[in-house]
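Accompanying notes for the structure given below.
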Amino acid sequence: MKRTFSLTGLATTFAAFGMASPAAAKDGEQPAAPQADDLESAIAGTVFDGDWIAVGMGVAYGPTYDGSDDYAPYAVPGVIGQIGGIGISPRPAGLALNLIPRAKEGPSFSFGPAVRLRTSRSGKVDDPVVDRLDRLDRALEVGPTVGMTFPKILSPYDQLSFGTDVRWDVLGAHGGMTVSPAVTYFTPLSRGAAAALSVSTEYGDGDFMEYYYSVTPAQTARSGLKQFDAGAGFTEIGVTLAGGLDLSGDLTDGGFSIVVAGGYSRMLGDAASSPFTSERGSKDQWLAAIGLGYVF
């Protein structure tokens, strides 16, 4: 599959981000005046006071490989939380750890390891021409993630986050490196609901691009696709809009949350020019997802 929404991560991150502000609005009311106390006081007595974790499952509908115009549903698991002061956040088919405690007020920094399992074209694809080619190996990408979060951008309750993952394949599939920057704006809509808008892109080095987007003479003979030599560059840029709703009406008491998300990305550079995209797929990539998470 092209990419994996972590629906649980989205839903419960809304709750965690909401508690990172002094207070979230109550249903039908304006947000309460910010407390003079720090973040530690704001989360005291809530499900996010100390260790917490959330798990869940959802379903997404998206392209069957990077650049495909064939779509299929697939299951989406997810996990997020904080254990022993270490933050756990979701990644597409993976996760990241934050080893730096969140600041009680003002900007916060994050740093830690990130991991992603990349499965593009590792199984059967719907396109009959692309399916003539050998399956690609699954890649396990591991590396550092760094980021910074700024609270109180347009209101006392929102925040803007910047982050970048740099990962290398450790299984020897593509054997290359990817860089994945993203910026996310989060805002609570009420005590029980929140929304987030994220813009992200991806850069692949020469080994990565050659593995996923080049067409060798042997592949041309088997499939009829035009021979193509892909070089390093950005693969895509995309935007995702997500909304989360706590089923009890209060994000701070844990329990079940539901989230819906939609996304669009545009293939770039040699990833867009590759015959896998230009001849058999599409530069336009769409995603839709819905899921249920539980915080405890």
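The values are calculated or read from the model by the stated rules, or taken from the named source; none is laboratory data. Since the structure is predicted, the reported quantities are computational estimates derived from the model, not experimental observations. Because the Cβ atoms are built from the backbone with ideal geometry, glycine has one as well, and the counts that use them run over all protein chains shown.
Annotations
- Flag for G112 being farther than 30 Å from L247 by Cα, outside any strand (DSSP E or B) and not hydroxyl-bearing (S, T, Y): no
- Test set (1) crowded, with 22+ Cβ neighbours inside 10 Å; (2) under 17 Å from the mean Cα position of the chain (by Cα) - G67 fails condition number: (2)
Yes/no matrix, rows are residues, columns are (1) modelled with pLDDT of 95 or more; (2) of a type in the set (A, V, I, L, M); (3) closer than 30 Å to S274 by Cβ; (4) out of contact with any strand residue (DSSP E or B) (no Cβ under 6 Å at 6 or more places or on another chain):
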site: G112; (1), (2), (3), (4): yes, no, no, no
site: V115; (1), (2), (3), (4): yes, yes, yes, no
site: K124; (1), (2), (3), (4): no, no, yes, yes
site: R135; (1), (2), (3), (4): yes, no, yes, yes
site: A139; (1), (2), (3), (4): yes, yes, yes, no
site: G143; (1), (2), (3), (4): yes, no, yes, no
site: T149; (1), (2), (3), (4): no, no, no, no
site: L154; (1), (2), (3), (4): no, yes, no, yes
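- Every residue from the stretch 56-75 that is of a type in the set (V, I, T) and farther than 23 Å from T235 by Cα: V59
- Failed criterion for L268 (all others in (1) surrounded by 17 or more Cβ atoms within 10 Å (Cβ to Cβ); (2) within 30 Å of K152 (Cβ to Cβ); (3) of a type in the set (A, V, I, L, M, F, W, C) hold): (2)
- Test for T164: is it in a strand (DSSP E or B), closer than 30 Å to G243 by Cβ, out of contact with any Phe, Trp or Tyr (no Cβ under 9 Å at 6 or more places or on another chain) and of a type outside the set (F, W, Y): yes
- Qualifying residue in the stretch 239-262 (condition: modelled with pLDDT of 95 or more, over 15 Å from the mean Cα position of the chain (by Cα) and farther than 23 Å from E141 by Cβ): no
- Meets criteria (touching a strand residue (DSSP E or B) at 6+ places or on another chain (Cβ under 7 Å), within 24 Å of P113 (Cβ to Cβ) and touching a residue at least 12 places away in the same chain (Cβ under 8 Å)) for F256: no
- Flag for V146 being surrounded by fewer than 17 Cβ atoms within 10 Å (Cβ to Cβ) and under 17 Å from T240 (Cβ atoms): no
- Looking across the stretch 137-155 at every residue that is in a strand (DSSP E or B) and of a type outside the set (A, V, I, L, M), the one that is farthest from R118 (Cα to Cα) is identified as P151.
- The stretch 76-87 - residue that is surrounded by fewer than 18 Cβ atoms within 10 Å (Cβ to Cβ) and aliphatic (A, V, I, L, M) and, of those, nearest to V55 (Cα to Cα): V79
- Residues in the stretch 178-230 that are assigned to a strand (DSSP E or B) and either over 28 Å from the mean Cα position of the chain (by Cα) or among the acidic types (D, E) (or both) were compared, and the one that is surrounded by the most Cβ atoms within 10 Å (Cβ to Cβ) is E202.
- Entry remark, the stretch 261-296: residues being among the aliphatic types (A, V, I, L, M), part of a strand (DSSP E or B) and under 22 Å from D205 (Cα atoms) number 1 in total.
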